[in-house]
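Bear in mind that the values in this text are calculations on the coordinates, not laboratory data. Source: prediction; values computed, not measured. Using ideal geometry, Cβ is built from the backbone for each residue, glycine included, and neighbour counts are taken over all protein chains shown.
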Amino acid sequence: MIQSMTGYGKSVIQLPSKKITVEIKSLNSKNLDLNVRVPSSYREKELDMRNTLSSALTRGKVDFNLFIEITGEATNTEVNETVVKQYIKQLAHIVDGDPVELLKMAIRMPDALKTERDEIDEEEYKSILQAIDEALVGINAYRSDEGRALEKDFIQRIENISVLLEAIIAMDGERIENVRERLRKAVSELKEGVDENRFEQELIYYLEKYDITEEKVRLKNHLDYFTETIRSHDSNGKKLGFISQEIGREINTIGSKANYAPMQQLVVQMKDELEKIKEQALNVL
């Protein structure tokens, strides 16, 4: 079953004094483009998180965000009283002002707050990994849902091309006869004696050039292979892209050999369906 590269997953875990939020968003990309944002206190664990995300997501432009919000009384940020008092003293020499206003100014100055870096709490990190796993389950479920919608669209468009191909097959005899008559008319307008045997040989040569039997067979095989790939166990957007190119090659060849307006109109409709397939295939994992 195919999966989309578009997805979203989120997990929130509440600890006694902290709330951990993990968000994962993904869009389509040729390869895995992973953007990870984590608090500085967990920077040393970033590689470990990247490896977990890479094994689970494979492809896509992925944004990963880890938020840790302190909800209890504990905090590792304190006011640097000595520095703040010095700022207030200096500001008081510059301008007369209310002490509260001076404090508001001083607290915004560099080094007014100091943050002590805590060692990583392994139990807390286990909770983060749990949140990541839950968010990955969410984004993969989202991708699967989107994949089902894409699969339905692909099958409908492949069916549309198949119907148009059947119309081309049904029309082929009429097309060949039309080409034959046009060649006969062109020769008759020369008003010269024509060797009938030589004419038949030349006619066969031109009709062979316009023959699309191989293209019709190959196109049908490519359409069947595309449907088979959609329904296979693994999601493979690159493979669908390659098959789409082969489908396009056969449609283009039929169009160039058609030499018959009604058939060329059907080819245009096939190309329109194929362009929509190619566009959607870019979103497949």
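Near N80, the amide H atoms lying under 5 Å from its own belong to L113, K114; only residues 5 or more places off or on other chains count, and H is placed 1.01 Å from N. Computed from the alpha carbon positions, the gyration tensor of the chain leads to an equivalent ellipsoid with semi-axes of 72, 23, 13 Å, biggest first.
Between V217 and E134, the contour length at 0.36 nm per residue exceeds the alpha carbon distance by 25.1 nm.
The modelled label-to-label distance for the pair K30/T82, using points 7 Å beyond Cα in the direction of Cβ, is 5.6 nm. The D63 and D224 beta-carbon pair, evaluated with R₀ = 45 Å, returns a calculated FRET efficiency of approximately 0.75. Around the amide H of K61, modelled in the peptide plane, lie the amide H atoms of L27, N28, S29, D33, all under 5 Å away and 5 or more residues distant in sequence or on another chain. Note that the range 145-281 shows a convex hull volume over its alpha carbon atoms of 93 Å³ per residue.
For the range 128-188, the equivalent ellipsoid derived from the Cα gyration tensor has semi-axes of 56, 10, 5 Å, listed largest first.
Treat the count of other C-beta atoms within 10 Å as a stand-in for reagent exposure and order M5, M171 from fewest to most. Provide the component values of the computation, followed by the final result.
Numbers: M5 24, M171 16.
Listing M5, M171 from fewest to most nearby Cβ atoms yields M171, M5.
Among the listed pairs K209/K239; K30/K239; K30/K152; K238/K278; K220/K257; K30/K271, those whose Cα-Cα separation exceeds 20 Å are K209/K239; K30/K152; K30/K271.
The ranking of M263, M270 by Cβ neighbour count inside 10 Å, starting from the fewest, reads M263, M270.
When the dipole is taken about the Cα centre of the chain, and only Lys, Arg (+1) and Asp, Glu (-1) are charged at their Cβ, what size is it in debye, to the nearest 20? Each step should come with its number before you reach the end.
On the way: 41 positive and 52 negative charges, 86 e Å.
Here the chain has a charge dipole of around 420 debye.
Cβ under 12 Å from Y8's Cβ, Y8 left aside: what net charge do those residues give with Lys, Arg +1 and Asp, Glu -1?
On the way: positive: K10, K25, R143; negative: E23, D63, D145, E146.
Value of the local net charge: -1.
Taking label positions 7 Å along the Cα-Cβ direction at both N259 and R180, the computed distance is 1.4 nm, reported to one decimal. A DSSP coil position with no more than 10 other Cβ atoms inside 10 Å describes the following GluC sites (Glu not before Pro) in the range 88-158: E116, E119.
Whole-Hz Karplus values for the range 231-243 come out as 8, 6, 5, 8, 8, 9, x, 5, 5, 4, x, 5, 5 Hz, taken residue by residue from phi with 6.51 cos²θ - 1.76 cosθ + 1.60 and θ = phi - 60°; glycine and proline positions read x. Distance between the modelled labels on E123 and S54, one decimal in nanometres: 3.2 nm (7 Å Cα→Cβ projection).
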